[in-house]
Structures are given as C-alpha cells and as structure tokens.
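A quick write-up on the structure given underneath.
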Amino acid sequence: MPEKPEVITVANTLKKQIIGKTITDCSVYWENIIAYPTVDEFKKEIIGQKIKNITTRGKWLVFELDSYLLLIHLRMEGKFFFREVDDIKNKHEHVFFTLDRLISFRFHDVRKFGKMYLLDKKDAYEKKPLCELGLEYNDSELTGDYLYQKIHLKKLPIKTLLLDQSIITGIGNIYDDEILFLSHISPLRKGNEITKQECNDIVLNTRKVLDEAIEMGGTTIKSFTSSEGVHGLFQNKLAIHGRIGNCHSCGNLIVKIKVGGRGTYYCSHCQK
Ligand SMILES: [Zn+2]
C-alpha cells in the first residue's frame with residue numbers, strides 16, 4: 001500500500017503533467033470508487049474544471065480544481081496511466097478523465113479499493129474524510145505532548161495507535177515499524193504505557209523516517225506507474241520492516257508478529 005512518501009511522489013509527478021489542464025470529460029466504470037457525491041453528480045460537476053494544484057493530506061491526493069477538491073485515495077493498488085483518448089479500456093481501468101480533449105488520464109486499480117470524493121472547496125475541510133484526519137507528520141503542532149495527550153488513556157498497542165489517521169495522518173504499516181524500531185519501543189506496548197519522553201522520540205523519529213523516505217521518493221522513483229510501484233523503492237533502506245534474519249543493530253533475530261491484524265516486524269532486544 002502506498003504510504004505518505006509515495007503519495008507525495010505521485011502528487012509531485014502528476015503536478016508536472018496535468019496542472020493547468022481542464023477536465024473535458026469523465027467516465028466511471030466502477031461506481032463504488034466514487035464515495036461522494038453520486039456518480040452522476042460527480043461526472044456533471046467535474047467536467048469543465050481546471051486542475052490548479054495537486055497536494056496531499058494524509059494519504060489522500062488532493063486535486064485542487066476551480067470550485068472543488070477532488071480527493072483520491074490509492075488504497076492498495078491504485079495508480080494512474082496516461083492513454084490516448086481512443087485507446088481500448090484495460091479491465092482494471094475504472095475512472096477516466098479526459099484532459100484538454102486529448103489525453104485520457106485513467107485510474108487503474110486491480111483491487112478496486114480506491115476511493116474518490118469531490119468536495120466543494122468552500123467547506124471541504126469540514127467534511128469527511130478531511131475533517132477526520134489528525135496532524136500531518138510535519139505540522140508544527142505535532143509534538144510529544146500532543147501525542148501523549150492522544151494516547152495516554154488508550155489500551156491499544158502503540159503500533160495500532162500510530163496507524164490511527166485521526167491522531168497522526170500519513171503513517172502506514174511499513175513506516176510505523178521503522179519509527180518504533182528507531183524509538184526502541186515494542187509495537188506491543190499499550191498507549192497508556194508510553195511515557196512523555198517516548199512520545200517525544202516517536203514524533204522525532206516519525207519526521208526523520210518520513211522526511212528521508214520523501215526525499216528518496218523524490219529522487220529515486222522513475223515511474224509511479226511501474227508495476228512494482230513503490231514497494232521496491234525503499235526496501236534497502238528499511239531497518240526493520242520486511243527484514244528476515246538478524247537485527248543489524250544487535251544481531252538478535254527479528255520477529256514477525258501480527259499486531260491489530262497487521263504484519264509487524266520488531267527486535268525484542270532493541271525494542272522494549
Ligand atoms: Zn536489535
């Protein structure tokens with residue numbers, strides 16, 4: 001699943017290709033992808049809108065249009081392709097946007113878990129899903145104190161709490177493991193067992209891990225449409241997630257467990 005750094009890379013890549021273009025047609029072949037409004041309204045309202053900017057909020061891509069924000073979540077496998085307008089539809093291409101009457105910009109999603117919202121710009125941030133998102137990893141309001149306040153009464157494992165997008169938005173399963181490894185904290189510890197100092201460490205390491213990944217995403221990714229996608233990208237840089245064998249820090253065997261249903265890697269010697 002793409003995480004924040006990958007979503008930022010996608011946004012930056014798309015920016016170069018589609019800012020300033022106008023959506024002149026739209027077709028939806030898998031209606032469940034359109035979460036809001038209805039498919040008919042979505043198509044009607046989006047036609048004629050110019051793409052002014054592309055940013056991110058959490059793991060959402062935010063396309064700023066003339067009067068709307070188009071939000072797209074890639075979920076597991078969503079990606080984009082540019083085609084000729086009359087190119088044959090691939091079976092995994094579910095939403096088509098024609099740009100300037102000559103480019104077919106297509107949302108491709110094998111699993112069909114992707115979601116799109118078209119929200120009025122005026123109050124988009126007061127509506128779902130934007131109103132439910134917590135602080136960005138680089139928001140100055142994100143401090144150890146903030147995290148402590150959010151988790152110190154919770155009995156869920158810290159691994160699960162860091163995935164809660166209403167606390168910090170943008171952390172996914174992979175970087176969660178990395179952050180906890182760097183912070184020397186076991187993913188199994190409960191929120192109410194994490195000290196203020198440990199919250200400070202988590203916030204610091206969240207910035208460290210995501211900044212580094214974003215920087216690499218900006219320089220290493222060649223094509224966000226590649227079938228290997230972003231999974232291959234940071235693999236060599238990951239300290240713990242996906243590693244089989246010994247911890248590079250202490251030599252202990254890395255264990256893989258499930259926490260809240262998510263595959264979790266950690267070193268029981270380094271992480272207490
Ligand atoms: Zn270790």
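The values are calculated or read from the model by the stated rules, or taken from the named source; none is laboratory data. Just so we're clear, the structure is a prediction, and the values are computed from it rather than from any experiment. Cβ atoms come from the backbone with ideal geometry, glycine included; neighbour counts cover every protein chain shown.
Structure summary
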quantity: Selected residue [closer than 30 Å to Tyr29 by Cβ and either within 22 Å of the chain's Cα centre (by Cα) or in the same structural domain as Thr55 (by TED's automatic domain parsing) (or both)] from Leu147, Leu119; calculated: Leu119
quantity: Thr225 modelled with pLDDT under 90 and either under 30 Å from Phe81 (Cα atoms) or away from the ligand (no atom under 11 Å from the Cβ) (or both); calculated: yes
quantity: Cβ-Cβ under 7 Å pairs, at least 6 apart or on other chains, region 250-272 side modelled with pLDDT of 95 or more, far side more than 10 Å from the ligand (Cβ to nearest atom) and among the aromatic types (Phe, Trp, Tyr); calculated: Ile254/Tyr265; Lys256/Tyr265
quantity: Elements of type strands (runs of 3 or more DSSP E) in region 1-89, at least 1 residues being crowded, with 19+ Cβ neighbours inside 10 Å, in the same structural domain as Ala124 (by TED's automatic domain parsing) and modelled with pLDDT of 95 or more; calculated: 23-28, 34-36, 53-57, 60-64, 68-73
quantity: Wholly within region 144-206, helices (runs of 4 or more DSSP H) carrying at least 2 residues that are over 25 Å from Ile244 (Cα atoms) and charged (D, E, K, R); calculated: 144-151
quantity: Qualifying position, being at pLDDT 95 or above and closer than 23 Å to Cys250 by Cα, among Leu180, Leu142, Leu130, Leu156; calculated: Leu180
quantity: Selected residue (criterion: farthest from the ligand (Cβ to nearest atom)) from residues of region 246-272 that are surrounded by 16 or more Cβ atoms within 10 Å (Cβ to Cβ) and among the hydroxyl-bearing types (Ser, Thr, Tyr); calculated: Thr264
